[in-house]
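A.B. asks: The structure that follows is given in the form of structure tokens.
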Amino acid sequence: MQLLSWSYAAFFVLVFSLYWIVPEGRARKALLVAATLVWFCFGVWWHAVAATLMGTTSYWTARWIASRPPERRGVPTLVGVSLPVCYFLFFRHLAQWSGFDLQHADLLPWWVPNPVFAPVGLSFIMFETIAIQADLYFGKLERPGSWWSHMVFTLYFPTRLIGPLRRYQSFVPQVGVQPRPTPEMIARGLSRVGVGLLKKVVIANPIGTFALFNMRPEMMLEGASAVPLLLGLYGYWFFLYFDFAGYSDIVIGTSRLLGIEVPENFNSPFRATNVSEYWQRWHMSLSFWVRDYIYTPVAIAWRRSSWGAPGGAFLSMVVLGLWHGVELRYVAFGVFHGTWLAGYMLYRDRLRRRPGVKRLASRPITRAVGWATTLNLAILSHVFYATPSFDVAMLWVRTVLHALAGG
Amino acid sequence: MSERNARAATLAGSAWTWSRLARLAGLMLLMFAVADLALAPLERRMEEEAWSGQLQNAPGLGIADATRFMLLGTSALRRETAVAVVGSSVTFGPGLAPGETLPAQLASWLAAAGHPRPVFNCAQPGGDPRTAVPVAAALGTHPVSLLLVEVLLPYYAEHKPAPVPPLSSDDIVLLEAASPAQREILARAGIHPTASERIEAAMGSQVRSTWRLYRLRGSVWWDPAFTPTYLIWSLRRELATSGLLPKRFHGQSTNVGRLPWREAYVGDQRPGVNQRFDFPSDRLSSDDYSELRLTAELARSAGVPVVFFELPLNLAFQRAFHLMSEDDYAHLDQLRSSLAERMEREGLDMIPAPTLPDDGFLDRAHLTPLGARILAKHLGEAVLQRLSGQEALDPPGQR
């Protein structure tokens, strides 16, 4: 069931009505869990089973970690973090490993588990359950709540398709505690959904039609002009932003209708004046996850080396790239941003401390140059997303360079 | 806090009440109703264009819904005299004016020949052998007088299998219109929308029938001739002609415009490798051929005659730029005869492609207005001849 569909709208209206009818507390958590399982079954029924399994396993490993004294939590945490990764790899590559013929997926009866499609929101479940285990290990979370609390956090259907990634500590205390909806809650929720629809349907879709048309390999011919290709890529970035931000707004707004605040995903990324700020404004819930659970532990582990922090940033960006898929183009995206971010951190920590450089960096013209450079490089790096493969991305680069050079 | 600020804060705190929310909802409904009424003339114009073959589907890049569903929404009397044409971008006619596409010119030719018939352009950019299946399925409850299906030979050469793309919401609406007998045929072929897809399609149809803006949205985003891109290319040429841009911007390399290929690809401008026709084998692809047979089976089950037509390929273009290999040419000839032989054996009717002049093509297969006119005449003559003129073109109910 897609987020932007009539069946989802009807389903949400039903869940919304029931949510405010049933008593506060566990009953509402149970309702949201049940609703999510029904929502999974609308797509592929066995995904509900897979998600329940992932949630329950994560609950037991979280309890195992919490039952140990802090100094003896290493092994259970390792198990707790490894299991979601194993589930992710297993389900993501199930079709490949089972040797299933993709051509004949349609011929399977409905009750046979179809391995072609991985469970919806698989990577989100992985990231969020890893965060619980890591927070217990680092002492950011005292102990896991009930099975219902754990399951409502793991499964919560509005965030399963496109996020944003949530934290257990801030999410669970909000579920089922509001006695009744208030007009302000409804107004804030509906207005956010409206803004999201506007971004997605009115802005993103038309830009996307134009951008995707211009980014087809057919446009990258020898002797082609750079203008449509550049317009295509710049259009693609804005399409991606409005599309993703629009969906995020819809999720945030629908959650507000249930009295639950979920994290923001975007904060005007086009206003960033450097790459570090860019990642604090673009897909924030993912970049903050990467910061807290990859960058920070790596930077702490390598703290004796002056390359620790930049190395951690580089590694984090490569992982962030790989999250989108194990493909060369995503690796290239991660390496590009990792190098850029590590380079910026080295500049910030070493060069910018010098009085002359610091003075220069604070000037408006320098900030304007930083803004233009950040925005343009961020957009250009999306050539790896806007094209179907690394080879086509390179073809785009060659064609544009050739055209700009007057060839 | 000053008294004024405190009063403002109190007012802001009490700004949202249930009655204010209800008033706002009422106002929004009113605005939607007014917007819907204002779109009525546009819809009337679109319906007229649809039946003269001039209305093209919205760009089929998976974002905007197409307009094929309009096949279901008009009067039975008019639809049952119509010819529906299904195919790829060659039939769709990107870059051509609405009256210059193949379906529009076929409508004009039939009218000029004394057999005026509505012609519906059901083609889609990126359309493949499977594109015709949902349209043929919809004929079960919404028959037309004739279904014309494009055959682009390179699709039918045996190649590496690829995953079947999911059905679009537009496809599902058409599949849901299938008759019970057709549903059995579709189920045997493994085409069965899931329960959630069926619910979504049913709800979408309901909304579509009551909300005009939703019904027309595919066509009001961009006009079907990809104007933004076309506009940029035209502007660029004009600016180059006036000397505001360097001369090299005058030409075009992707030929989104309408120049015959020999005029479009000049100087160092060459087509890319994707303009090459690829015939990895001389054997017929059984999966793709089965789509063609399925289309015919569905149309026959609906009592609608179906005629396939082979699209002409621009082999001069392939030779001029050394795109196809000698093996490809040999495979093409073999494939053409294998396909014709198999179709004849299975009783499927196909009109062979005519020979088009050089300036009939924009590129490897897309047609110029002249090319579309010649092909439309060729199709019109063959259709009238094959179906014994008037009788075969009568609505199914009158046969």
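Each reported figure results from applying straightforward, stated rules to the coordinates on display, with no laboratory input. Keep in mind it's a predicted model, so treat the numbers as computed, not measured. Reconstructed Cβ throughout: ideal geometry from the backbone, glycine too, with neighbour counts over all protein chains shown.
A.B. asks: Rank by packing, highest mean first: peptides A:338-346, A:74-82, A:250-258, with packing defined as the count of other Cβ atoms within 10 Å averaged across residues.
C.D. replies: In descending order of packing, they fall as A:250-258, A:338-346, A:74-82.
A.B. asks: At 18 Å minimum axial length over the Cα atoms and a Kyte-Doolittle cut of 0.0, report the qualifying DSSP H helices in chain A, or say none.
C.D. replies: Correct list, ordered by number: A:6-21, A:26-43, A:45-67, A:74-92, A:122-138, A:183-197, A:226-257, A:308-323, A:328-346, A:364-381, A:390-404.
A.B. asks: Take the alpha carbon atoms of the range A:1-32, find their center, do the same for the range B:337-381, and report the distance between the two centers in whole angstrom.
C.D. replies: Here the answer is 55 Å between Cα centres.
A.B. asks: Can you tell me what share of the DSSP beta bridges in the protein assembly as shown is antiparallel? A percent to the nearest 5 is fine.
C.D. replies: Working: 2 of 17 bridges.
Here the antiparallel bridges make up roughly 10 percent for the protein assembly as shown.
A.B. asks: If you take each beta carbon of peptide B:24-31 and count the beta carbons of other chains within 10 angstrom, what is the mean?
C.D. replies: The per-residue average across the peptide is 1.
A.B. asks: Taking 7 Å along the Cα-to-C-beta vector as the label spot, tell me the B:His322-B:Ser168 distance in nanometres, rounded to one decimal.
C.D. replies: Spacing of the two 7 Å Cα→Cβ label points: 3.8 nm.
A.B. asks: Which residue, A:Pro158, A:Pro228, A:Pro355, tops the fluctuation ranking in a GNM of chain A built on C-alpha contacts under 10 Å?
C.D. replies: Per the Cα network of chain A with a 10 Å cutoff, A:Pro355 tops the list.
A.B. asks: Rounded to the nearest angstrom and ordered from largest down, what semi-axes does the equivalent ellipsoid of the range A:269-404 get from its C-alpha gyration tensor (root of 5λ)?
C.D. replies: That gives 26, 22, 13 Å for the three semi-axes.
A.B. asks: Moving on. Would you please give the FRET efficiency between B:Ser19 and A:Val195, computed as 1/(1 + (r/R0)^6) with r the Cβ-Cβ distance and R0 = 30 Å, to the nearest 0.05?
C.D. replies: It comes out at approximately 0.80.
A.B. asks: Order of A:293-299, A:229-235, A:309-315 by packing, highest average Cβ count within 10 Å first?
C.D. replies: Those peptides, ordered most packed to least, come out A:309-315, A:229-235, A:293-299.
A.B. asks: If you stretched the chain out fully between B:Ser286 and B:Leu72, how much longer would it get, using 0.36 nm times the residue separation minus the C-alpha to C-alpha distance?
C.D. replies: Once the chain is fully extended between B:Ser286 and B:Leu72, it gains 73.9 nm.
A.B. asks: Just how large is the dipole of the protein assembly as shown about the Cα centre, in debye to the nearest 20, putting +1 at every Lys and Arg Cβ and -1 at every Asp and Glu Cβ?
C.D. replies: 4340 debye
A.B. asks: Suppose R0 equals 45 Å. What FRET efficiency, 1/(1 + (r/R0)^6) with r the Cβ-Cβ distance, do B:Met203 and B:Arg262 give to the nearest 0.05?
C.D. replies: The formula returns an efficiency of 0.30 here.
A.B. asks: Decide, for the range A:226-348, between rounded, prolate and oblate: order the square roots of the alpha carbon gyration tensor eigenvalues as a ≥ b ≥ c, take rounded if a/c falls under 1.5, and otherwise choose prolate if a/b is larger than b/c, else oblate.
C.D. replies: Judged from the Cα gyration tensor, the range A:226-348 comes out oblate (a/c at least 1.5, b/c at or above a/b).
A.B. asks: Do me a favour and compute the ellipsoid semi-axes for the range B:91-182 from its Cα gyration tensor, root of five times each eigenvalue, largest one first, whole Å.
C.D. replies: Values for the range B:91-182, descending: 25, 20, 12 Å.
A.B. asks: If you take all C-alpha pairs in the protein assembly as shown, what percent of them are over 54 Å apart?
C.D. replies: 18 percent
A.B. asks: I need to check one value: relative contact order of the range A:269-404, counting alpha carbon pairs closer than 8 Å and at least 6 residues apart, in percent.
C.D. replies: Reported relative contact order: 26 percent.
A.B. asks: What is the distance, in nm, between label points placed 7 Å from the Cα along the Cα-to-Cβ direction at B:Glu346 and at A:Met394?
C.D. replies: 4.1 nm
A.B. asks: Using the reciprocal of the averaged 1/r over all distinct C-alpha pairs, how large is the Kirkwood radius of chain A in Å?
C.D. replies: It is 23.4 Å.
A.B. asks: Ignore the peptide's own chain and count Cβ atoms of other chains within 10 Å of each Cβ in A:208-217; give me the average, rounded.
C.D. replies: Whole-number average of other-chain Cβ neighbours for A:208-217 is 6.
A.B. asks: Rounding to the nearest 20 debye, state how big the charge dipole of the range A:183-257 is about its Cα centre with +1 on each Lys and Arg Cβ and -1 on each Asp and Glu Cβ. The partial results should precede the final answer.
C.D. replies: Working: 6 positive and 5 negative charges, 66 e Å.
The dipole magnitude comes to about 320 debye.
A.B. asks: For peptide A:183-189, what's the mean number of Cβ atoms from other chains within 10 Å of each residue's Cβ?
C.D. replies: Working: counts 9, 6, 1, 3, 6, 1, 0.
Shielding by partners across A:183-189 averages 4.
A.B. asks: Ok, one more. Pick out, from A:Val201, A:Leu94, B:Val133, the residue whose Cα sits farthest towards the positive end of the charge dipole of the protein assembly as shown, with +1 on the Cβ of Lys and Arg and -1 on the Cβ of Asp and Glu.
C.D. replies: Positive-most Cα among the choices belongs to A:Val201.
A.B. asks: Something else: How do the peptides A:383-396, B:19-32 rank, highest first, by the average count of neighbouring beta carbon atoms within 10 Å per residue?
C.D. replies: A:383-396, B:19-32
A.B. asks: Also, quick follow-up: Using the Cβ atoms and a cut-off under 11 Å, what net charge is assigned to the surroundings of A:Arg256, where Lys and Arg are +1 and Asp and Glu are -1?
C.D. replies: -1
A.B. asks: Here's another thing I want to ask about it. On each of the three principal axes of the Cα atoms of the range A:183-257, give max minus min coordinate, whole Å, ordered largest first.
C.D. replies: Projected onto its principal axes, the Cα set of the range A:183-257 covers 59, 15, 13 Å.
A.B. asks: In the protein assembly as shown, if the dipole is taken from +1 on Lys/Arg beta carbons and -1 on Asp/Glu beta carbons about the Cα centre, which of A:Met284, B:Ala330, B:Ala187 is farthest to the positive end?
C.D. replies: Highest projection toward the positive end goes to A:Met284.
A.B. asks: What are the residues whose amide H is under 5 Å from the amide H of B:Leu367, where those residues sit 5 or more places off or on another chain and H is modelled from the backbone?
C.D. replies: Excluding prolines and chain starts, which carry no amide H, the hits are B:Leu362.
A.B. asks: Grab the DSSP H runs of the protein assembly as shown that are 4 residues or longer, score each as -39,500 (n - 2.57), total them, divide by all residues and round the 222 nm result to the nearest 500 deg cm²/dmol.
C.D. replies: -18000 deg cm²/dmol
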